[in-house]
Amino acid sequence: MKTIISTNNAPSAIGTYSQAVKVNNTVYLSGQIPLIPATMTVVSEDFAEQTHQVFKNLVAVCEAAGGNINDMVKVNIFMIDLANFATVNEVMSQYFSQPYPARAAVQVSRLPKDVLIEIDGVMELSNVG
């Protein structure tokens with residue numbers, strides 16, 4: 001059985017998807033882009049600010065699912081320029097503590113709303129409920 005996770009503290013889904021889906025104690029988080037939830041506008045053109053906003057959105061969805069960002073076991077990072085990889089590492093270190101999740105980082109040609117970064121992932125909750 002699956003449970004749909006939704007929160008007003010993260011951007012509303014702008015398509016045919018849910019913010020996250022929980023199956024037993026595993027939560028599959030949809031990609032978050034750097035939208036401010038209240039306005040659904042991109043936070044800024046600055047890559048670091050966009051990355052922070054994406055992580056804030058992920059935190060909100062993780063909390064709505066009954067966990068926290070450190071419960072994430074896999075993170076997929078999509079960015080339009082891998083030259084920003086060091087910035088991703090620096091910002092990510094402010095949201096995660098060790099042991100860090102598994103991760104992939106790939107460069108893509110374009111992202112929704114022409115943002116610079118999108119992140120999705122999988123979270124494993126310690127308690128089923």
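For segment 35-64, a tally of residues being within 14 Å of I14 (Cβ to Cβ) and more than 9 Å from the chain's Cα centre (by Cα) returns 7. Just to verify a result, which residue in segment 35-44, among those that are part of a loop (DSSP other than H, G, I, E, B) and touching a residue at least 12 places away in the same chain (Cβ under 8 Å), is surrounded by the fewest Cβ atoms within 10 Å (Cβ to Cβ)? Across segment 35-44, the extreme among qualifying residues is M40. Scanning segment 105-129 for residues being at pLDDT below 95 and part of a strand (DSSP E or B) gives a total of 0. For segment 1-21, a residue qualifies if it is in a strand (DSSP E or B) and either buried (at least 22 other Cβ atoms within 10 Å of the Cβ) or among the β-branched types (V, I, T) (or both), and the qualifying residues are T3, I4, I5, A20, V21.
Yes or no, residue by residue, for (1) of a type in the set (S, T, N, Q); (2) surrounded by 15 or more Cβ atoms within 10 Å (Cβ to Cβ); (3) not in a strand (DSSP E or B):
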position	(1), (2), (3)
V59	no, yes, yes
G67	no, yes, yes
K74	no, yes, no
A83	no, no, yes
N89	yes, no, yes
Y95	no, yes, yes
R103	no, yes, no
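The number of residues in segment 22-34 that are surrounded by 12 or more Cβ atoms within 10 Å (Cβ to Cβ), more than 14 Å from the chain's Cα centre (by Cα) and assigned to a strand (DSSP E or B) comes to 2. In the set (1) farther than 19 Å from V91 by Cβ; (2) in contact (Cβ under 8 Å) with a residue 40 or more places away in the chain; (3) touching a Pro at 6+ places or on another chain (Cβ under 7 Å), A65 fails one condition alone, (3).
The values are calculated or read from the model by the stated rules, or taken from the named source; none is laboratory data. Note that the structure is predicted; figures quoted are calculated from it, not measured. Neighbour counts are summed over all protein chains in view; Cβ atoms, including those assigned to glycine, are modelled from backbone coordinates with ideal geometry.
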